[in-house]
1. With every protein chain present, what is the per residue accessible area of segment 55-111 (1.4 Å probe, Å²)?
2. Considering only C-alpha atoms, what is the centroid distance from segment 1-36 to segment 162-186, in Å?
3. So how many Å³ per residue does the convex hull of the Cα atoms of segment 1-139 work out to?
4. Any idea of the accessible area per residue across segment 187-252, 1.4 Å probe, to the nearest Å²?
5. By how many degrees, 0 to 90 and rounded to 10, does the Cα axis of helix 60-78 deviate from the longest principal axis of the chain?
6. Apply the a/c threshold of 1.5 to the C-alpha gyration tensor of segment 54-99 and tell me whether it is rounded, prolate or oblate.
7. Apply the Karplus curve 6.51 cos²θ - 1.76 cosθ + 1.60, θ = phi - 60°, to the phi angles in segment 191-204 and return the couplings in whole Hz, x for Gly and Pro.
8. How large, in percent, is the carbon and sulfur part of the accessible surface of the chain at a probe radius of 1.4 Å?
Amino acid sequence: MTDVAPEVAELKRLIDESRRAVVFTGAGISTESGIPDFRSPGGIWDQYRPVEFHDFLRSEEMRREAWRRKFATHPAIARAEPSRGHRAVAELARRGTVASVVTQNIDGLHQRSGMADDMVIELHGNTTYAHCLRCGERFELAPIFEAFSVDETLPVCSACGGLVKTATISFGQQMPADAMRRAEEETLGCDLFLAIGSSLTVYPAAGFPALAKQNGARLVIINREPTELDALADLVVHGEIGPTLGAAVGVD
Ligand code: NAD
């Protein structure tokens, strides 16, 4: 493994110099919590192809398939605990260095690591609960799983009869306007943008690091493997997130 000690020292210096940092996270920060990412070998895409939004709307069988997959993948998310990387980010928020986290993740682990709900901007929603696609009513997963496990009963909204889906943004589904607006504001207001554990290939989310850089912020990328935006960054660390960020922030 490459020695990343010089990069860690530089990362610490950039963090110390920042007055308002934004953290942008992808699935990589949660692999150390036991949740597979999409693109690494053994990742979710090796096992399941995603159900696209229009298929979910159109077909009862696709809705069943989506809930079957949710059923199969949920245990890993339900038992996951925040990683050292999540804890380091929460510590930076506690110190006032990090103003907000913009995340592509849907696992709720930033909130579980102690960050206030309003500091976490979820671009792709949240898979730890469900909601009605028509009226937005929230539903917990346990009763849905219970009914589904008997005879694959599909959940419908008790308030308006609409379709109920996990509160995630599927492929083909419109991005959440409020989260996108807030993410853009935060990106434009920061002096340091830390992109952590993202392959930076999923747009429009992956547009934020470049926007921060164009606007004069320093850009740091921490990812095990190269990303297409590495050439743009002030610092790139090709290392493991927990040890890198944990050492730079002083969190075990
Ligand atoms: P991605 O799978 O495309 O990329 C993850 C990146 O993290 C990869 O480049 C990988 O090399 C790197 N990585 C993995 N573990 C690492 C570690 N311990 N240290 C350093 N680097 C590590 O994920 P993405 O960019 O977030 O985009 C895929 C989409 O998948 C997102 O839209 C997200 O909504 C969704 N997703 C979310 C979760 C989750 O919520 N935990 C999990 C899988 C996928």
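1. On a per-residue basis, 42 Å².
2. The two parts, judged by their Cα centres, are 26 Å apart.
3. So the per-residue hull volume is 132 Å³.
4. Values: 2520 Å² over 66 residues.
In whole numbers, segment 187-252 has 38 Å² accessible per residue.
5. Roughly 50 degrees between the two axes.
6. Since a/c reaches 1.5 but b/c is at least a/b, the shape of segment 54-99 is classed as oblate.
7. Whole-Hz 3J(HN,Hα) from phi for segment 191-204: 9, 9, 10, 10, 9, 10, x, 10, 6, 6, 10, 9, 9, x.
8. Solvent-exposed carbon and sulfur of the chain make up 51 percent of the total.
The values are calculated or read from the model by the stated rules, or taken from the named source; none is laboratory data. Note that the structure is predicted; figures quoted are calculated from it, not measured. Calculation scope for accessible area: heavy atoms of the full protein, side chains included, ligands and nucleic acids excluded. Shrake-Rupley method; radii C 1.70, N 1.55, O 1.52, S 1.80 Å.
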